1. Listed residues PRO397, PRO420; which is in a helix (DSSP H, G or I), open to solvent by 20 Å² or more (accessible area, probe 1.4 Å), within 26 Å of THR204 (Cα to Cα) and modelled with pLDDT of 50 or more?
2. Just give me the residues in region 193-220 being under 12 Å from MET256 (Cα atoms) and part of a helix (DSSP H, G or I), in sequence order.
3. Quickly run through region 120-146 and pick out the residues that are assigned to a loop (DSSP other than H, G, I, E, B), without any contact (Cβ under 8 Å) to a residue 60 or more places away in the chain and of a type outside the set (Ser, Thr, Tyr).
4. Considering each of ALA110, ALA75 in turn, give the residue that is within 23 Å of the chain's Cα centre (by Cα), in contact (Cβ under 8 Å) with a residue 40 or more places away in the chain and closer than 30 Å to MET249 by Cα.
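The values are calculated or read from the model by the stated rules, or taken from the named source; none is laboratory data. These figures come from a predicted structure and were not determined experimentally. Here Cβ is always computed from backbone atoms with ideal geometry, including for glycine, and neighbour counts include all displayed protein chains. Accessible surface is based on the protein model in full, side chains and every heavy atom, while ligands, DNA and RNA are left aside. Shrake-Rupley method; radii C 1.70, N 1.55, O 1.52, S 1.80 Å.
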Amino acid sequence: MDIIPCLCGSAPCLLCSCCPSGNNSTVTRLIYAFFLLLGVAIACIMLMPGMEEHLKKIPGFCEGGAVYRVCFGMAMFFLLFSLLMIKVKSSQDPRAALHNGFWFFKFAAAAAITIGSFFISEGPFTTVWFYVGMAGAFCFILIQLVLLIDFAHSWNESWVEKMEEGNSRCWYAALLSVTTLNYILSLVALVMFYVYYTHSDGCTENKVFISINMLLCVGVSVMSILPQIQESQPRSGLLQSSLVTLYTMYVTWSAMTNEPDRKCNPSLLGIIGLNSTGPAGQGQVVQWWDAQGIVGLLLFLMCVLYSSIRNSSNAQVNKLTLTSDESALIEDGPNSASLEEGGGGLNRAVDNEKEGVTYSYSFFHFMLFLASLYIMMTLTNWYSPDSKYETMTSRWPSVWVKMCSSWICLGLYVWTLVAPLVLVNRDFD
């Protein structure tokens, strides 16, 4: 019966015996991440052949676009909580109890919204939601980059500290090896882009996209080691730039896989010499799943999990994500005094936000709202369904959304480098 307070109670809830003791702020984010991942699993099931045919047999259900409707339900659930949690300052706010507890009722609400979305009449629903999803996914790509920069800074700081503590040659070699590997992978990707996604007599857009992003990545890498940058930010360096470069190559590839001209957008099966899905040309029937979608899904999973347990010391990233630098990982754990107050040996989520929240509840839910839209676009490979849901058609707006996001991502990274030089009166320590 100990599980009932966890399902129906308010924060801090009693955890199941299989869960470790931890801070309430971290445990709550992990449970919401589980909610989102459960929704992703359901959306993946909807992609199974014949699934929509079974849904059509249910009276009143929609005739197509199941993935769009599952993600609509998830997105509306998180958007609702984002609005409800605006300006929650501490766990003493009555709304914080709703955020940190009542899991059974929230699960039921999310399920009800999702099921209800299947009864929305077709009309322009899927087309409008496709463009909403495109805008939201664009924003989430930017959030991915912010979290990537945060991860790179944290990774670099951790290894530099270990270098300073001792055995510097070993840690320097590790730092150099990872940085080199990232640049080698980026270079290999660049060569493959030119080989498979361009032709001497066409694919001008791809040539421009690849060349521009190559030059921009070289530029930010050089900028990160300039003396002025190193003086203001001694721990900025090529590790961060190499990760940003590799991510930019991924976004460039992702954009080119949405190009309508199949001559400039070969499938992975075509590249490795296996049979493709049909004759080249506009309006070709394409697969919903491909290598780009799988990589995008893996990045999404890592991003959501990292955002749930992150403990950043980077002030600029914390301001961008509205997170306090006091947010602690589960491994940090609560102190013994808190455990004694909470009930001895029981595994409890300790309320560490009585004096103030360690992250913005509203922004966290808004990020999961954007994540729901991103996963919708990723699972459908950013293709727009036709009116009969029988084919998926590539659209140039998807290409431009991804390319623009790659340029904005590089711009955000450059800003983290030059901000201390531009805003000299601000404290960036």
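1. On the way: PRO420 fails: within 26 Å of THR204 (Cα to Cα).
Every option except PRO397 fails the conditions.
2. Listed by number, the residues that qualify are PHE193, TYR194, TYR196, THR204, GLU205, ASN206, LYS207, VAL208, PHE209, ILE210.
3. First, pick out the residues of region 120-146 that are assigned to a loop (DSSP other than H, G, I, E, B): 120-124.
Now restrict to residues that are without any contact (Cβ under 8 Å) to a residue 60 or more places away in the chain: 120-121, 123-124.
ILE120, GLY123, PRO124 - these are the residues of region 120-146 that are assigned to a loop (DSSP other than H, G, I, E, B), without any contact (Cβ under 8 Å) to a residue 60 or more places away in the chain and of a type outside the set (Ser, Thr, Tyr).
4. On the way: ALA110 fails: closer than 30 Å to MET249 by Cα.
Selected residue: ALA75, the only one of ALA110, ALA75 that is within 23 Å of the chain's Cα centre (by Cα), in contact (Cβ under 8 Å) with a residue 40 or more places away in the chain and closer than 30 Å to MET249 by Cα.
Let's see how each residue does on (1) within 22 Å of LEU145 (Cβ to Cβ); (2) surrounded by fewer than 19 Cβ atoms within 10 Å (Cβ to Cβ); (3) of a type outside the set (Gly, Ala, Ser):
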position: ASN182; (1), (2), (3): yes, no, yes
position: VAL191; (1), (2), (3): no, yes, yes
position: ASP201; (1), (2), (3): no, yes, yes
position: SER211; (1), (2), (3): yes, yes, no
position: LEU215; (1), (2), (3): yes, yes, yes
position: MET223; (1), (2), (3): yes, yes, yes
position: GLY237; (1), (2), (3): yes, no, no
